[in-house]
Structure formats: C-alpha cells, structure tokens
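For reference, the structure is listed below as structure tokens.
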Amino acid sequence: MNIDKELLLALMMSAWTQIPYDSLLEFNPQKIRVEEEQLMRLEGQVTIPTDLEVYNKEISTSYNTSLGLRIYKPKVIDRPLPIVLFFHGGAFIFGSPEQYDFQLFDLVREAQIIVVSVDYRLAPEYPFPAALEDSISALQYVYKYAETLGGNKQNISVMGSSAGGTIALSLLHLNRDSDKIPITNAFILYPPTSDKLDTLSMQTYANAPMQSKHSATYMWKHYLSGNETKWREYAIPNQMNDYENLPPMTFILAECDPLIDEAKEYIKLVQQSAGEIEVKEIKGAVHTFDFFECTITKDFTQYKMDYFKKLHSM
C-alpha cells in the first residue's frame, strides 16, 4: 500500500488504532463505544473557544423519538450564516458528535458558519431506517428554525464523514423525493456506498488501516439487520432508483481506502444523470486520514476551510 509515510507514522503512534475494530464489529459492536469513550476521557475534552457558542439540544421528532443535536456557532452573528448539517462517522454503530469537536471548532471559527451535528440512533440496536429518520428530522428542524439559530434557511448544506456520508447521501435522495427542502450542496468524505464489497479496491486494500473488508462486512450486516421495509430503496447509495436532480456535491476520497472504488461508482451514476460532482482524491491517504496529524491532513484542512468559506457566496 502506498500510504504516506508521515501519516503511517501517525497511525502507528495513535491509541485509536489499537482498538480492535474488526473483531469487535463482528462479536461485540457496542463495546467499541465503550473503548472510544474511555479513550476520549483519557485524552481530555477539547476546550471550547471563547468566541464560539457550543451546546446540545434535544428535539422531538414526528417518529415519536427524541433526537440530540450538537450546535456550533459564532457568539457574534451580524448576518444570517450558512448552516451545515453534519453526520459523524462510525460504521453506523459507534461515534458521536463530540468526537469531531476538534475539527468543527476550527471550521466554524474560520469559515464563520453554523454547524448542526446529528446524534443519530446507532445500529445494531437501531438498524436502518432509524438514522435516516433522524437525518430528515434534523433537516426539518434546521429549516424551520434557521433564523432562530442565526442562519439562512436558503443556504443549508450537508456534510457527512464515512458512514455519516452514506446517511447524508440517503438524505439527499429522500429529501428530493419528499420534503424538497432546499439544499445548496453536499460535502461527502470517503463514504461506504455499496454492500456488495466486490470492487478492486475492496480486494486491494482489504486489510488497510482504519477500514477493512472485514469491518465493512459487519458494518452493513448490523445496519441492514432490521425487518423494516420503509425507505429501503434509500439505504444503499449505489442502489438508488435514480440519480437526477441532486444538489452539487464534493467528494473527498482516500487513495488507500477499500471504499474508494464503490464511491467512484456512485459518482459515475450521478454524473451520468447530469449531476454536478467535484472529486478530490487524497494521495497516500487511508480512511479517516483527517483524524491524524500530518501534512496531508493539514493541506486537506485548508482545502476544507476554503470550501466552506465559499458558502457565503451561494
């Protein structure tokens, strides 16, 4: 594997790579949450910058459930700001909004945007379509209360990391066919888009750091384990009914990620339907590379900052 040497060293030194994700996903997926929470406590909380307002809010949904949102915004807002609806990663099974604090604090400060991070329900306790129900509820809330948040309801975008990217794509398709809430664009990072696991990259990088074929197998198994048929056509991005009339998207792909080829298949399906997609492939990167301090992460972070600054002109 042609993994960037600086990134590889960062991976080797990180306590996060010591969590046995592959075996736990197969035999005890809930224990991953315990392991990650313990590690976060050991590392300590990231201090909230004094110029930001960050808080958690629980809302009621039309599905007779409650939903947690973590909201990040500048303390001083002198004009309606772009709003980004964010979906964290974690194989549909683990992860939390707080894990992304260190990234989102800087993004909100630099780009002067509002981020609403969705604490969606997790599999296997809550398989599909629970996370999609939560995503549509969050989008409806943000659209309804955009002005209260200090945002512009005509400038809402979505962002998803890994499995959160999958959920974001499902949301784009479902929203297009139902609520039709205006979404300006989508920023999608290294998403799983197929449960077939039959691409060349899935074989080539089957044992890559931070995402393996084994973990992908059990990720999809847990996510799709429910008997609910509702919205099933929106569950797997590469098996959608159609790919027309979606908002402009930017895809971030990692060269040494087993998921890269299936994401390229989704991109091709959208492009064949006259969709607008910008693709940025990070050479030498692995899945979730942007969690590890190295030059390619630094360069990507600057690209991301510049991208979200442009939301103000949309």
**Message:** Only Cα pairs within less than 10 Å get springs; with that Gaussian network setup on the chain, which residue of 22, 257, 198 has the largest fluctuation?
**Reply:** 198
**Request:** Answer rounded, prolate or oblate for the stretch 1-150, using the Cα gyration tensor with square roots of eigenvalues a ≥ b ≥ c: rounded when a/c is under 1.5, else prolate when a/b is larger than b/c, else oblate.
**Result:** oblate
**Rounded to the nearest 20 debye, dipole of the chain from Cβ charges on Lys, Arg, Asp, Glu** = 480 debye
**Message:** Relative contact order of the chain, please, whole-number percent, based on alpha carbon pairs below 8 angstrom and at least 6 residues apart.
**Reply:** 19 percent
**Prompt:** Ranked from highest to lowest mean number of other Cβ atoms within 10 Å per residue, what is the order of the peptides 127-135, 268-276?
**Reply:** 127-135, 268-276
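If you average the sequence gap of Cα pairs under 8 Å that are 6 or more apart and divide by the length of the stretch 42-100, what percent do you get for the contact order? Let's see the in-between values first.
Values: 48 pairs, mean separation 13.9, N = 59.
Here the relative contact order equals 24 percent.
Share of the chain's accessible area from carbon and sulfur, percent, 1.4 Å? Please list the in-between numbers first.
Numbers: 6560 of 13670 Å².
It is 48 percent, rounded to a whole number.
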**Item:** Hits among lysines - C-alpha to C-alpha of residue 196 under 29 Å, sequence gap 8 or more where chains match
**Value:** 31, 213, 221, 230, 264, 268, 280, 283
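Counting only heavy atoms of protein chains, what accessible area per residue, in Å², does the stretch 8-150 have with a probe of 1.4 Å? Let's see the in-between values first.
On the way: 6620 Å² over 143 residues.
The answer is 46 Å² per residue.
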**Complete:** With 0.36 nm assigned to each residue of separation and the Cα-Cα distance removed, residue 154 to residue 106 gains 14.9 nm
**Asked** Could you give the nm distance between label points at residue 60 and residue 46, where each point is 7 Å from its Cα heading toward the beta carbon?
**Response** 3.3 nm
**Prompt:** Among the lysines, which fall within straight-line cross-link reach of residue 153, defined as a Cα-Cα distance under 18 Å, with same-chain neighbours fewer than 8 residues apart omitted?
**Reply:** 73, 144, 180, 309, 310
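The values are calculated or read from the model by the stated rules, or taken from the named source; none is laboratory data. On a predicted model such as this, the values are computed, not experimentally measured, just so you know. Heads up, the Cβs are rebuilt from the backbone with ideal geometry, glycines too, and the neighbour counts pull from every protein chain shown. All accessible areas refer to the heavy atoms of the entire protein, side chains included, with ligands and DNA or RNA removed. Shrake-Rupley method; radii C 1.70, N 1.55, O 1.52, S 1.80 Å.
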